[in-house]
Amino acid sequence: IKEESLTLIQSGLTRDELQELKVKVMGKKGSLTALLKQLGSLSSEERPLVGQIINEVRASLEQAWDEKMKELEEQALLKRLEEEFLDITLPGIMMPRGHQHPLTKVIEEIEDIFIGMGFQIAEGPEIETDYYNFEALNLPKDHPARDMQDTFFITEEILLRTQTSPVQIRTMEKLCPGLPVKIIAPGKVFRNDDDATHSPMFHQVEGLLVDRGVRMSDLKGILLTFSRQMFGEDRQIRLRPSFFPFTEPSAEVDVSCMLCGGKGCKLCKGTGWIEILGAGMVHPKVLEAGGYDSVQVTGFAFGMGVERIAMLKYGIEDMRLLFDNDLRFLAQF
Ligand code: PHE
C-alpha cells in the first residue's frame with residue numbers, strides 16, 4: 001500500500017484526485033483502515049508490531065500527501081496571480097453621475113434669491129378645498145374667473161389646487177396676527193391643459209408680503225431685484241394692468257427680453273418684453289380671510305410659473321421636454 005500510494009502521489013495527480021486517493025486509502029472504507037480493522041484477529045504478540053507498521057505507513061503517507069498538496073496549492077496560487085494580472089495604471093471606469101432636474105435647479109435658485117431678501121419658504125397641500133383655492137381668494141362659486149382655470153375636481157368641495165395662491169390664506173391663518181408675513185411658496189399645481197406650453201401638472205412659486213404700509217413700489221422693487229438676479233443685471237421690468245380676483249390693483253409683469261435682436265426676435269416676438277408673472281396688492285377680502293385687519297395692514301402677492309421661467313432661462317421651446325425624462329435632454333443642464 002505504501003509503495004503504491006507514494007508512487008501515485010508523485011504521479012502528477014490534481015488536487016481533487018489526490019484527495020480521492022487519500023479517501024481510498026485512509027478513509028472509513030480505505031485499504032489501510034481495513035488492515036487496522038483486522039488487527040483484532042492477530043495474536044497478542046503480533047498485534048503491536050503490525051499496529052506500529054500500519055501507523056508508520058499512515059504517518060509517512062500523510063506527510064507525503066501534505067507536502068504534495070502544499071506544492072500543488074502554491075502552484076495554483078502562482079498560476080492565478082499570473083492570470084489575474086492587474087494593470088493599476090489603466091484609467092478607471094467613471095460611474096455616470098446624475099444631477100438635479102432643471103426644474104429643481106430653477107426652484108432652488110428662485111428660493112435662494114428670495115431668501116436673500118428675507119422671505120421664508122411656506123408650503124401647502126396639493127389636494128385643496130374649494131374654500132382655499134377659490135372662495136377665500138375672493139372667487140365665490142358663481143365667479144366667472146373660475147373658468148380661467150380648468151380645475152380637476154375630486155368632489156364638489158375638494159380639488160387639485162390650480163394655483164399656489166391658497167398658501168397665501170393658509171400662511172396668514174397660521175401667522176396671524178404676526179407681522180410681517182413674508183413668504184414664498186413653491187409647489188405643484190394642476191390644470192386640465194396639455195400642449196407645447198401647458199402641462200396638466202406644473203409648478204408655481206407664490207409670493208406674499210403683508211405688513212403695515214406695504215406699497216406697490218415695494219412689489220416693483222422686489223420683482224426688479226428678482227428679475228435681475230434671475231435673468232441678468234441689465235434687465236428691466238414693466239407692469240401692465242391686469243385682473244385677478246385676489247389682488248387689487250393687479251398687474252402682469254414683463255421682463256425686458258434677454259435675447260432681443262429686435263423685430264425678428266424669437267423669444268419676445270419683437271416686442272422687447274416677456275411676461276413672467278402675475279401680481280398685485282392683496283385684496284382686502286383676502287387679508288380678512290387670512291385674519292388680518294385690512295385697514296391696519298396691506299400686502300402684495302405674486303405668482304410665477306416655474307416651467308416658464310426655466311424655458312426662458314434655458315431657451316427650451318417645448319414644456320413637455322421638462323417632463324419626458326429623456327436623459328439626452330436632462331443631461332444638458
Ligand atoms: N395665482 C395666479 C395665477 O395662477 C397668479 C397670481 C398670484 C396673481 C398672486 C396675483 C397674485 O395665475
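Between helix 46-83 and the chain there is an angle of about 40 degrees, using the helix long axis and the longest principal axis of the Cα atoms.
The distance linking the stretch 265-327 with the stretch 1-76 is 90 Å (Cα centroid to Cα centroid, whole angstrom). Ordered from longest to shortest, the equivalent ellipsoid semi-axes for the stretch 100-225 are 25, 20, 13 Å, each the square root of 5 times a Cα gyration tensor eigenvalue.
Value of Rg to Rh for the stretch 236-333, rounded to two decimals, is 1.12; Kirkwood radius and Rg both from alpha-carbon coordinates.
3J(HN,Hα) along the stretch 195-207: 7, 4, 10, 9, 10, x, 10, 8, 10, 10, 10, 8, x Hz, from the Karplus curve 6.51 cos²θ - 1.76 cosθ + 1.60 with θ = phi - 60°, whole Hz, x for Gly and Pro.
Scaling the Cα radius of gyration of the stretch 106-153 by the globular reference 2.2 N^0.38 Å produces a ratio of 1.56. The Cα-based radius of gyration of the stretch 85-166, divided by its Kirkwood radius, gives an Rg/Rh of 1.35. So if I take the alpha carbon set of the stretch 42-181, get Rg, then get Rh from the Kirkwood formula, what is the Rg over Rh ratio? So for the stretch 42-181, dividing Rg by the Kirkwood Rh gives 1.71.
Amide H contacts under 5 Å for SER242: SER250, ALA251, GLU252, restricted to partners 5 or more places along the chain or on a different chain, H placed in the peptide plane at 1.01 Å from N. Per residue, the accessible area of the chain comes to 58 Å², computed with a 1.4 Å probe over protein heavy atoms only.
Taking the longest Cα principal axis of the chain as reference, the axis of helix 166-175 is set at about 90 degrees. Counting only alpha carbon atoms, the long axis of helix 216-231 and the longest principal axis of the chain meet at about 40°.
Taking amide H atoms as placed 1.01 Å from N in the peptide plane, the amide H of LEU277 lies under 5 Å from those of VAL253, each 5 or more residues away in sequence or on another chain. Taking the chain, how much of its Cα-Cα pair set, in percent, is spaced more than 24 angstrom apart? Beyond 24 Å sits 68 percent of the P(r) for the chain. Charge tally for LYS79 (other residues, Cβ to Cβ under 14 Å; Lys, Arg +1; Asp, Glu -1): -4.
Charges at C-beta only: +1 for Lys and Arg, -1 for Asp and Glu. How large is the resulting dipole of the stretch 1-136 about its Cα centre, in Debye rounded to 20? Show your work: numbers first, answer last.
Values: 15 positive and 27 negative charges, 344 e Å.
Computed about the Cα centre, the dipole is about 1660 debye.
If you average 1/r over every pair of different alpha-carbon atoms in the stretch 11-62 and take one over that average, what Kirkwood value in Å do you get? Value: 12.0 Å, from the Cα pair sum. Applying a DSSP loop filter and a limit of 16 other Cβ atoms within 10 Å to the chymotrypsin sites (Phe, Trp or Tyr not before Pro) in the stretch 171-252 leaves nothing. Over the stretch 32-116, the alpha carbon radius of gyration divided by the compact-protein estimate 2.2 N^0.38 Å works out to 3.02.
For ASP150, the residues whose modelled amide H falls within less than 5 Å of its own, excluding neighbours fewer than 5 places apart on the same chain, are ASN192. Residue-wise HN-Hα couplings along the stretch 102-107, as the Karplus relation 6.51 cos²θ - 1.76 cosθ + 1.60 with θ = phi - 60° gives them from phi, are x, 5, 4, 4, 5, 4 Hz; Gly and Pro carry x. Identify which of MET69, MET117, MET95 has the largest mean-square fluctuation in a Gaussian network model of the chain, with springs joining Cα atoms closer than 10 Å. Among MET69, MET117, MET95, the largest mean-square fluctuation in the Gaussian network model of the chain belongs to MET69.
The values are calculated or read from the model by the stated rules, or taken from the named source; none is laboratory data. What you see is a predicted model, and the numbers here were worked out from it, not measured in a lab. Note that we place each Cβ from the backbone using ideal geometry, even for glycine, and neighbour counts take in every protein chain shown. Just the protein is used for accessible areas: all its heavy atoms, side chains included, with ligands, DNA and RNA removed. Shrake-Rupley method; radii C 1.70, N 1.55, O 1.52, S 1.80 Å.
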